[in-house]
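Quick notes on the structure that follows.
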Amino acid sequence: MNFNSARQVAPLHKSSICAKLASIAERRSPHHANVSLRLALLRQTLGPSLLSSCLCSDSLCETLQKLKLTAAEGGVDNLERDLDGLLKALAHSNAEASEKIQESGILKVFLDLLAPQSSCAPKVANIIAEIAKNEFMRSPCVDAGLIPPLVQLLHCKDQEVLLQTGRALGNICYDSHILQAQLIGMGVIPTLVKLLGIHSQNAALTEMCLIAFGNLAELESSKEQFASTNIAEELVSLFKKQAEHEKKEMIFEVLAPLAENDTIKLQLVDAGLVECLLDVVRQTVDGDKDEDIAELKTASDLMVLLLLGDESMQKLFDGGKGSVFQQVLSWVPSHNHQLQLAGALAIANFARNDGNCIHMVDAGIVQLLLDLLDRHVEDGNVTVQHAALSALRNLAIPVVNKSKMLSAGVSDEVLKFLKSEMPPVQFKLLGTLRMLIDTQADAADQLGKNAKLVGRLVEWCEAKDHAGVMGESNRLLSALIRHSKSKDVIRTIIHAGGVKHLVTMATSEHVIMQNEALVALGLIAALDLGSAEKELEGASLVPILHRLLSDDLSAPEIKYNSMILICAVMGSEPLHKEVQGLTFLDVISKLRSHENKTVAHQASLTEQRLTVQS
């Protein structure tokens, strides 16, 4: 016999407790007359909360039954009483009450009670908002067809109805892009924007609208509808009235996704958002509270986001005379890393067309960036490094800027970051140097003979985990050869082991990279074939050229430069033997009838050369 089992008391299941209570209530004989005594005993046994829960459950079932009957009969006073009963039950135990409401089938009854003329509409909407807090209730609400009548209620003038309706729709559609898209299709965005303008003094309604905007703005399909409203003016007007950090943050959360749309960017600029952001920066730049730091970051990030649009950027640049442009420049020498970052990113975005770039270089902005970089060489902020290098890269694109920037010492400053192990910094460093040496023979020659730089490039050409860094390293190696046309540069690259990477680059999926590689390899073969022949042979150059010429998908310029390179390597005995060992003559003879006349002409010349030297 298990004596321990006698001490075990199984917990009473709630359903069995309720059943016992029901049986007590039903007993009417004198033998069971002392119901209050029995209830007291049960309260002592079960505890008041569990007992209350059971009684509430029964009371809720009774309320639901009454509500069905009352709704059918149309008694307004009784309806109000029963709806209050439901709200009380939901406040006591939302999940349990919601489950009972679903099981009762009462959701269908709510359809008629949501009519605009119904005095019960606010309470019904409130009930729906409460039950839709539970994920398991959202689909039943949709299936019951509650969304369309709720959307119609958004046209109501009663502020309580509007508030509860907004809550109900928000909770039903929470975290569901499908349902949110359905709301957008039903035209809720213009309606909500209009409500925000009318009821901007109602804090609860304003918050409801902002939450809705924040959710809907995440969907790309919403942007066109938002752009067709005066949302920009309403949000900027609302922002100007806010003093509390939480309220500003709520508006920021709406502005950020909206500002991803170029049309809305311009609308926000026209509405005066930029001036608001600059005020936030001025007010928080010296603050040390967490909320000041958060507001400063959000405001400066949003400013940079506005500059990503071409029209909004150009409007703020205003020929280099714009007050906003001038104020953003003042952020760069700041001691605040967030402002340094935002300032450098702003310059990078202003530098998206040649006219702006030329103006900024002439205005001395390059020195601002060089000073900033110099402050971040040792254990610097990686995001600031990346942003400043991005700005310099963009500024170096116009041909007239290259020599000016080289004279200003940009390449020397950039080379200080060769030791960086951060791929984003490496990527921008490489891009900046490649832009600087484009058409600049002296600079390409000087950098190409820098063994430390070339060695780092060869190392990064093998960075398979970072395709961008690997691609830019290959392109810079090629550019050093193409723009310098220097035998010394070629020997530096051969010595560092860079030739094999150029051969691999010739097989890239990007035609521009293939072409750059073939031109560089052609110069190597023309200027110092003897020093490079072992590396070219080891990298299987000849078979690769055969494949490029045989491939019908190869671009005309790839075929042309491959034939130039074949002719150039014929001066090397081992490479010549490789050419003879493959069916180059057959492949090239077919190219004589190529639709591109330049390719066809080069094919004739190459065929003659191969025939003579065969």
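For the stretch 410-512, which trypsin sites (Lys or Arg not before Pro) are in a loop by DSSP, counting at most 11 other Cβ atoms within 10 Å?
Details: sites: LYS416, LYS419, LYS428, ARG434, LYS449, LYS452, ARG456, LYS464, ARG475, ARG482, LYS485, LYS487, ARG491, LYS500; in loops: LYS416, LYS419, LYS449, LYS464, LYS485.
Within the stretch 410-512, the qualifying trypsin sites (Lys or Arg not before Pro) (loop, at most 11 other Cβ atoms within 10 Å) are LYS419, LYS464.
Using the Cα centre of the chain as the reference point, and only Cβ charges (+1 on K/R, -1 on D/E), how large is the resulting charge dipole? Debye, rounded to the nearest 20. Spell out each step's value before the answer.
Working: 57 positive and 74 negative charges, 210 e Å.
The calculated dipole for the chain is roughly 1000 debye.
Could you work out the relative contact order of the chain? I mean the mean sequence separation of Cα pairs under 8 Å and 6+ apart, divided by the number of residues, in percent.
Working: 722 pairs, mean separation 30.1, N = 614.
This gives 5 percent for the chain.
Specify, per residue and in Å³, the volume enclosed by the convex hull of the alpha carbon atoms belonging to the stretch 529-614. Intermediate values should be presented prior to the final figure.
Numbers: hull volume 6.9 nm³, N = 86.
It is 80 Å³ per residue.
Averaged per residue, what accessible area in Å² does the stretch 411-569 show with a 1.4 Å probe, protein chains only?
Working: 6410 Å² over 159 residues.
With all protein chains present, the stretch 411-569 gives 40 Å² per residue.
Would you mind counting up the charge near ASP442? Only other residues with Cβ under 12 Å from its Cβ, with Lys and Arg at +1 and Asp and Glu at -1. Can you show the working numbers first?
Numbers: positive: LYS402, LYS449, LYS485; negative: ASP445.
Once positives and negatives cancel, what remains is +2.
At 10 °C and 1.306 mPa s, grab the translational diffusion coefficient of the stretch 103-166 from Stokes-Einstein with a Kirkwood Rh over Cα pairs, rounded to a whole number in µm² per second. Mind showing how you got there, number by number?
Details: Rh = 11.6 Å.
Estimated via Stokes-Einstein, D reaches 137 µm²/s.
Using the heavy atoms of the protein chains and a 1.4 angstrom probe, tell me the accessible area per residue for the stretch 90-246 in square angstrom. Display every interim value, and only then the final one.
Details: 7020 Å² over 157 residues.
Heavy-atom accessible area per residue stands at 45 Å².
Are there any GluC sites (Glu not before Pro) in the stretch 213-308 that are in a DSSP loop and have at most 16 other Cβ atoms within 10 Å? List them by number. Numbers along the way, then the final one.
On the way: sites: GLU218, GLU220, GLU224, GLU233, GLU234, GLU244, GLU246, GLU249, GLU253, GLU260, GLU275, GLU291, GLU295; in loops: GLU218, GLU244, GLU260.
Answer in residue order: GLU218, GLU244, GLU260.
Loop-only check: which trypsin sites (Lys or Arg not before Pro) in the stretch 248-337 are DSSP coil with at most 13 other Cβ within 10 angstrom? Intermediate values should be presented prior to the final figure.
Values: sites: LYS248, LYS265, ARG282, LYS289, LYS297, LYS315, LYS321; in loops: LYS289, LYS321.
Qualifying residues, ordered by number: LYS289, LYS321.
Computed on alpha carbon atoms, what radius of gyration and Dmax characterise the stretch 432-528, expressed in Å?
Rg, Dmax (Cα atoms, Å): 11.8, 34.
Identify, among VAL425, HIS483, ASN401, the residue whose Cα sits farthest towards the positive end of the charge dipole of the chain, taking +1 on the Cβ of Lys and Arg and -1 on the Cβ of Asp and Glu, with the dipole about the Cα centre.
Final value for the positive-end residue is VAL425.
Apply the Karplus curve 6.51 cos²θ - 1.76 cosθ + 1.60, θ = phi - 60°, to the phi angles in the stretch 269-282 and return the couplings in whole Hz, x for Gly and Pro.
Once θ is set to phi - 60°, the couplings for the stretch 269-282 become 4, 5, 7, x, 5, 4, 4, 4, 5, 5, 5, 4, 4, 4 Hz.
Per residue, how much space in cubic angstrom lies within the convex hull of the C-alpha atoms of the stretch 108-233?
Values: hull volume 11.6 nm³, N = 126.
Cα-based convex hull of the stretch 108-233, divided per residue, equals 92 Å³.
How high is the relative contact order of the stretch 220-293, given as a whole-number percent (alpha carbon pairs under 8 Å, six or more residues apart)? Mind dumping the intermediate values first?
Values: 35 pairs, mean separation 24.8, N = 74.
It comes to 33 percent, rounded to a whole number.
Please list log₁₀ I(q)/I(0) at q = 0.15 Å⁻¹ for the stretch 260-407, using the Debye equation with identical point scatterers on the alpha-carbon positions.
Reported log10 I(q)/I(0), two decimals: -0.74.
Counting each DSSP H run of 4 or more residues in the chain as -39500 (n - 2.57), what helix-only mean residue ellipticity at 222 nm follows after dividing by all residues, to the nearest 500 deg cm²/dmol?
Details: 40 runs with 465 residues, N = 614.
-23500 deg cm²/dmol, from helical runs alone.
At 1.4 Å probe size, what's the solvent-accessible area of CYS141? Round to the nearest 10 Å².
For CYS141, the solvent-accessible surface is approximately 0 Å².
Find the relative contact order for the stretch 228-379 and round it to a whole percent, using C-alpha pairs within less than 8 Å whose residues are 6+ positions apart. Write out the running numbers ahead of the final one.
Working: 136 pairs, mean separation 27.0, N = 152.
The normalised contact order for the stretch 228-379 reaches 18 percent.
Over the chain, with every protein chain in place, what whole percent of the accessible area is carbon and sulfur at 1.4 Å, could you tell me?
Values: 15080 of 29080 Å².
Of the solvent-accessible surface of the chain, carbon and sulfur hold 52 percent.
More than 50 angstrom separation, counting every C-alpha pair in the chain; what % is that?
Numbers: 80005 of 188191 pairs.
So the portion of pairs separated by more than 50 Å is 43 percent.
The values are calculated or read from the model by the stated rules, or taken from the named source; none is laboratory data. In this text the structure is predicted, and so the values were computed from the model without any measurement. Note: ideal-geometry Cβ built from the backbone for every residue, glycine included; neighbour counts use all protein chains shown. The protein model used for the area step is the full one, side chains on, heavy atoms only, and it has no ligands, DNA or RNA in it. Shrake-Rupley method; radii C 1.70, N 1.55, O 1.52, S 1.80 Å.
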